[in-house]
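The values are calculated or read from the model by the stated rules, or taken from the named source; none is laboratory data. From a predicted model like this one, the values you see are computed outputs, not experimental measurements. Here the Cβ positions follow ideal geometry from the backbone for every residue, glycine too, while neighbour counts run over all protein chains shown.
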Amino acid sequence: MKTNQLFLLTGLATVALPACVQKDKKEVPEKPMNILYIMCDDHSYQTISAYDQRFIETPNIDRIANEGVRFTNSFVANSLSGPSRACLLTGKHSHKNGFTDNTKRFDGSQQTFPKLLKQAGYQTAIVGKWHLTSDPTGFDYWNILTGQGDYYNPYFIDNGEKKQIEGYATNITTDLALDWLDNKRDKNKPFCLLLHHKAPHRTWMPDTCDLDLYEDVVYPVPETFY
């Protein structure tokens, strides 16, 4: 099983609570809750130790799983890179949102959940991998990798301006998101931030400090490898 979407949903699970379990209107929080959605690209469940401890340890992801919600029986409408994002944004199957494969161009004029949140008073932002060809719409701030993105010294498009940033894609993506959270948003408004990582999509290149991390580890070849 491989899915392009990794849900780290401590915040989103909390956002859903008022509608699901709070029947008394007096209990509904007065202040809207912030939403942070983190997506890893092509991250298999076998390489998240909250699900499978045979191959790797992922303590930070595991902490979020332990303190939030861990899905054990979930499905995706389309597990390809761009189409999965189009499904996420629109809530529609690929044949309805028009982005059926990575050769298409996403129609940004259609309704998306960031647009609805903006109408509700949220600040919206996306940082990292986009891979939908057209420019993002419905976001107050967007800073996206070009195409699939590169791991080392990648190019980003910062609200329309293309810039090359020195460093490793995962670190840069995280730093850009933190910079928006800390310095660029209106802190009087609730926010929805989509944080989309390129890793661990092929070509599976780690940060240079981790190149030899598993040098002494031997992984068995799966029976179905060939």
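Data table
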| item | result |
| --- | --- |
| Tally, over the stretch 176-226, of residues that are surrounded by 12 or more Cβ atoms within 10 Å (Cβ to Cβ) and assigned to a loop (DSSP other than H, G, I, E, B) | 12 |
| Subset of the stretch 101-133 [crowded, with 16+ Cβ neighbours inside 10 Å, among the aliphatic types (A, V, I, L, M) and in a loop (DSSP other than H, G, I, E, B)] | LEU132 |
| Tally of residues being at pLDDT 95 or above, on the phi < 0 side of the Ramachandran plot and not in a helix (DSSP H, G or I) across the stretch 69-100 | 4 |
| Qualifying residue in the stretch 136-144 (condition: farther than 26 Å from LYS104 by Cα, in contact with a Phe, Trp or Tyr (Cβ under 8 Å, 6 or more places away or on another chain) and outside any helix (DSSP H, G or I)) | no |
| Residues of the stretch 181-226 satisfying the condition of being at pLDDT below 95, among the hydroxyl-bearing types (Ser, Thr, Tyr) and within 26 Å of the chain's Cα centre (by Cα) | THR203, TYR214 |
| Odd one out for ASN97, checked against (1) farther than 24 Å from ALA169 by Cα; (2) surrounded by fewer than 22 Cβ atoms within 10 Å (Cβ to Cβ); (3) over 18 Å from the mean Cα position of the chain (by Cα) | (2) |
